[in-house]
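*Asks:* Mind having a look at this structure? Questions to follow.
The values are calculated or read from the model by the stated rules, or taken from the named source; none is laboratory data. A quick note: this is a predicted structure, and the numbers were derived from the prediction, not measured. Heads up, the Cβs are rebuilt from the backbone with ideal geometry, glycines too, and the neighbour counts pull from every protein chain shown. What goes into the accessible areas is simple: the full protein's heavy atoms, side chains included, and nothing from ligands, DNA or RNA. Shrake-Rupley method; radii C 1.70, N 1.55, O 1.52, S 1.80 Å.
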Amino acid sequence: MTTSEVAASTDAATGHDPEAMRKVMNRLKRAEGQLHALIQSMGAESNCKDVVTQLAAVSKALDRAGFMIIANALQSCSTDDADGEGSHDGMSPADIEKLFLTLA
């Protein structure tokens, strides 16, 4: 896909790639389901190893959703402007880098 095709496939109002945002929403819904199941299973007989394993899975799903959002923002920034000063949600590439580091 060329740069112009990528730019054209993003939502003009938000700069978000609809397909990328669909994938993010799927990950968030999966994490929500995992967390809900974990909460429901908590009790006196809960196995510590299983609880921690499920918590790790939820955490990883949330992290991946965040990384996908940031990757989409970086791609949008790199394709928005011919002068390389693209922005996503009013953020500069440096702002996006700081955002990325909050997840790292």
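*Asks:* Show me the helices (runs of 4 or more DSSP H) found entirely inside the chain where at least 1 residues are at pLDDT 80 or above and more than 18 Å from the chain's Cα centre (by Cα).
*Replies:* Numbers: elements: 3-8, 18-41, 48-80, 93-103.
Per the criteria, 18-41, 48-80.
*Asks:* What are the pairs, 6+ residues apart or on separate chains, where a residue within the range 85-98 that is closer than 9 Å to ALA73 by Cα and of a type outside the set (Gly, Ala, Ser) has its Cβ under 6 Å from a residue that is at pLDDT 65 or above and open to solvent by less than 40 Å² (accessible area, probe 1.4 Å)?
*Replies:* Cβ pairs passing all conditions: HIS88/ALA73; HIS88/SER76; ILE96/ALA73.
*Asks:* Of the residues that make up the range 52-63, is at least one touching a residue at least 12 places away in the same chain (Cβ under 8 Å), in contact with a His (Cβ under 6 Å, 6 or more places away or on another chain), of a type in the set (A, V, I, L, M) and closer than 20 Å to LYS98 by Cα?
*Replies:* Filtering the range 52-63 for residues touching a residue at least 12 places away in the same chain (Cβ under 8 Å) gives 54-55, 57-58, 61-63.
Add one more test, that the residue is in contact with a His (Cβ under 6 Å, 6 or more places away or on another chain), and what stays is none.
No, the range 52-63 contains no residue that is touching a residue at least 12 places away in the same chain (Cβ under 8 Å), in contact with a His (Cβ under 6 Å, 6 or more places away or on another chain), of a type in the set (A, V, I, L, M) and closer than 20 Å to LYS98 by Cα.
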